[in-house]
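Read the structure below first, then the notes.
The values are calculated or read from the model by the stated rules, or taken from the named source; none is laboratory data. Owing to the predicted nature of the structure, the values given are computational and were not obtained by experimental measurement. Because the Cβ atoms are built from the backbone with ideal geometry, glycine has one as well, and the counts that use them run over all protein chains shown.
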Ligand code: HEM
């Protein structure tokens, strides 16, 4: 059936590969003399050889001895099958981190998750599921993959370099006997036709040579070049990423309107730095003059953010200037980049203690909990006397009390209120232990009550509240906005970008170039042509040869009986 | 009628038109159920020495009725695509911005790109045999968009105000559309290859180009999509660097994009490896296709990452 004939014709049928795999000696080396199989594929094939010369690892018997086993391990590791399996393993290993919350991304979510899953949580934590991309099992997969990649690139490069210098392949059998050969009546003297055929193929950017009465033509060498470029660029990406994460750093700090941040380690709220980070930070400071936010007030997406803009004053050794930071417009200062990564409200409060002294005054940063910026926070007043004081609760920009307690109806501070509970306790020596800024450490304190109920303060800006038992006075002076600035440096970013672009370009070349071989034979008033598309999934050599034949004035004889 | 409501109506209309086209293609398949032998093979004679497998027969004996329904289905698909395009253009006009700012807009545009790629494919490579799965995609995507993902026109949140975002999202839409076509072609491949193995190629299957031809089309579309998807991820990383100060942060969206990318890389390797080509490679293509849509729909709805796209 014609269908099956055609299948035989496609150069890379399944059995084809197997044949090639067998044609290669066990050590994976390639024969010096290109040996052409019947469909025109050589073991030395550029563009295919890389894959073809690799024997299926499972079929290589492990030879004896230490060196033998090493060789075997290397053959297994660099086989194409192993590459596929490692790629799929990498995909699988990346999944847990795409499902479970990750510590470096969202430590708070991890804590919550662990609190909700007391049975499975600790086990998953132990095997690194909450920092999956830094675990030994994840790293070993991608490291193996890259070793395999190197093991793959090196031999393929030398095969490619040899192929580049090789002349166009000769037909594996007489052209007239190749599968899919077409015969024509020669319309002109053989020599003339052959010369014109050579020219026609050259014009189509084939590499051409004459072997006897056959014109051999081959093209598509850039496919393997693109492929090698892609794989080398991939190595480049990995190395540039590694370089950047070793030497780079990233930290963040909350800055309230009117306050500043100077780029020193002590001013960061949190920082992560690469193992080779030298602690050198670009000298600059940023003062937050104002933070502008606009929210959607229309019916559609009501409350969605429409604008974030931080007006800042930047001071560097070379002077002071006014600037602004927006979500997609970070500041670049030296090798540092300053991004706006969060925002919220700070309640400005004043707390007078039982003795009438101001024990605390200033903005207190509240942490947003939802999209309407219901925010949680704590006011720690360790210096209050006779009793130290603590308050904690919510800041609600547009306050309302619903069935579930106080809520915020809109992210803009339209009717802000503070809802607080209060605590008091005997003075305590500074422990120096870091405390969460957003929750109160109530050990050693008792919650204040009034008329037998827990005391709840509800304050609008300007309101004051007298604490019971002469403990003090709390005043809600007003509110300010704060922003979270992230300062990061990532050396080698340009190199990452360059390698990524190189990889994309190499891949595009490799996946679009169609390596082909074509042969045209003219002898004794007859002509034959045959061709081979040498890459799976590509076709069209037939059309190209037909066009050449037409150009040469070759005519197909009428179909025989 | 406002421009916005015209747009919404157009998307619903497009969904209905795709559905009608789908029914016509279903009739086409039904009408061909008596075809016994592969008519495709008749046309795959030798042409300049090498068989041309990816063109199903246009000349061979096709049941006339099947052919008629097929042509009607295709005409209706073109109409559906035109209405779909009109809906998206109107959406952009109503919103005063590129219409790729939320899931609804993403999905409707992806449906258009599927249809456009298909029409181009019919024109250049005789891909009309993909009519049934393609119109199914068009109907499902627009139908889901209109029912589940519909949101009224609104401006973008600040995080999306970036050229890189627009480049990123457009590349994602086109790759997604191409992955979808490659994916449904891979499904057809499995069906036909199975029938070929069992020697039961008949009915409409016999009018398809044969497993090799289907495989080749699937590969071509995926080979186009894969570099574009790589570029999508790279453009997303550039945008993330501007927006969040890190180009890669293992956000769920980023992670699942990488998973899909790695699976497609596995597919490309599988095709070049004995023992993996054919069926296994096709499964990888289908897995990649599923991962793409899971990453877009599932991850958006299930995990709240940094992506402002999250949530409908
Ligand atoms: C980091 C992991 C790897 C990734 C992401 C990757 C990705 C890719 C991609 C996308 C392609 C198709 C594009 C092109 O042809 O240029 C490809 C092709 C290829 N890769 Fe890899 N690769 C990896 C590792 C390897 C390894 C370890 C080997 C060696 C065993 C290898 C050997 C090949 C070969 C021979 C081809 C050409 C296939 C063909 O002829 O169609 N790759 N790779």
Please go through the stretch A:131-145 and give me each residue that is in a helix (DSSP H, G or I) and surrounded by 16 or more Cβ atoms within 10 Å (Cβ to Cβ), ordered by number.
A:131, A:132, A:133, A:138, A:141, A:142, A:144, A:145
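Here is a list: A:79, A:140. Which entry is within 16 Å of the ligand (Cβ to nearest atom), out of contact with any strand residue (DSSP E or B) (no Cβ under 8 Å at 6 or more places or on another chain) and without any contact (Cβ under 8 Å) to a residue 24 or more places away in the chain?
A:140
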Note down all Cβ pairs under 6 Å where the first residue falls in the stretch A:297-310 and is closer than 14 Å to residue A:371 by Cα and more than 8 Å from chain B (Cβ to nearest Cβ), the second is at pLDDT 80 or above and assigned to a strand (DSSP E or B), and they're at least six residues apart or on different chains.
A:303/A:295
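So is residue A:169 outside any helix (DSSP H, G or I) and buried (at least 21 other Cβ atoms within 10 Å of the Cβ) or not?
Numbers: outside any helix (DSSP H, G or I): yes; buried (at least 21 other Cβ atoms within 10 Å of the Cβ): yes.
It is true that residue A:169 is outside any helix (DSSP H, G or I) and buried (at least 21 other Cβ atoms within 10 Å of the Cβ).
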Restricting the stretch A:99-130 to residues that are surrounded by fewer than 17 Cβ atoms within 10 Å (Cβ to Cβ) and facing chain B (nearest Cβ under 10 Å), the residue that is farthest from the ligand (Cβ to nearest atom)
A:109
So which residues in the stretch B:200-212 are more than 15 Å from residue B:277 (Cβ to Cβ) and part of a helix (DSSP H, G or I)?
B:203, B:204, B:205, B:206, B:207
Would you point out which residue out of A:501, A:455 is touching a strand residue (DSSP E or B) at 6+ places or on another chain (Cβ under 7 Å) and on the phi < 0 side of the Ramachandran plot?
A:455
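Conditions tested, residue by residue: (1) assigned to a helix (DSSP H, G or I); (2) within 16 Å of the ligand (Cβ to nearest atom); (3) modelled with pLDDT of 90 or more.
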residue	(1), (2), (3)
A:476	no, no, yes
A:483	no, no, yes
A:499	yes, yes, yes
A:506	yes, yes, yes
A:518	no, no, yes
A:544	yes, no, no
Among the residues of the stretch B:231-242, is there at least one that is at the interface with another protein chain (Cβ under 9 Å from one of its Cβ atoms), in contact (Cβ under 8 Å) with a residue 40 or more places away in the chain, within 16 Å of the ligand (Cβ to nearest atom) and in contact with a helix residue (DSSP H, G or I) (Cβ under 8 Å, 6 or more places away or on another chain)?
yes
Any chance you could count how many residues in the stretch A:185-204 are surrounded by fewer than 20 Cβ atoms within 10 Å (Cβ to Cβ), touching a strand residue (DSSP E or B) at 6+ places or on another chain (Cβ under 6 Å) and modelled with pLDDT of 90 or more?
2
Which one of the conditions (1) more than 20 Å from the chain's Cα centre (by Cα); (2) under 22 Å from residue B:256 (Cβ atoms); (3) crowded, with 19+ Cβ neighbours inside 10 Å does residue A:151 fail to meet, given that it meets all the rest?
(2)
Quick one: residue A:550 ticks every box in (1) within 11 Å of chain B (Cβ to nearest Cβ); (2) crowded, with 22+ Cβ neighbours inside 10 Å; (3) over 20 Å from residue A:228 (Cβ atoms) except a single one, so which number is it?
(2)
Are any residues in the stretch B:256-304 farther than 17 Å from residue B:175 by Cβ and at the interface with chain A (Cβ under 8 Å from one of its Cβ atoms), and if so, which ones?
B:269, B:270, B:271, B:272, B:273, B:274, B:275, B:276, B:277, B:278, B:303
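Return a yes/no flag: does the stretch A:245-263 have any residue that is in a helix (DSSP H, G or I) and crowded, with 20+ Cβ neighbours inside 10 Å.
yes
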Being within 14 Å of chain B (Cβ to nearest Cβ) and surrounded by fewer than 16 Cβ atoms within 10 Å (Cβ to Cβ) is the filter here; which residues of the stretch A:330-369 pass it?
A:332, A:335, A:342, A:369
Among B:283, B:256, B:250, the single one that is under 20 Å from the mean Cα position of the chain (by Cα), away from the ligand (no atom under 14 Å from the Cβ) and within 17 Å of residue A:96 (Cβ to Cβ) is B:256
Tell me yes or no: at least one residue of the stretch A:215-231 is in contact with a helix residue (DSSP H, G or I) (Cβ under 7 Å, 6 or more places away or on another chain), within 16 Å of the ligand (Cβ to nearest atom) and not in a helix (DSSP H, G or I).
yes
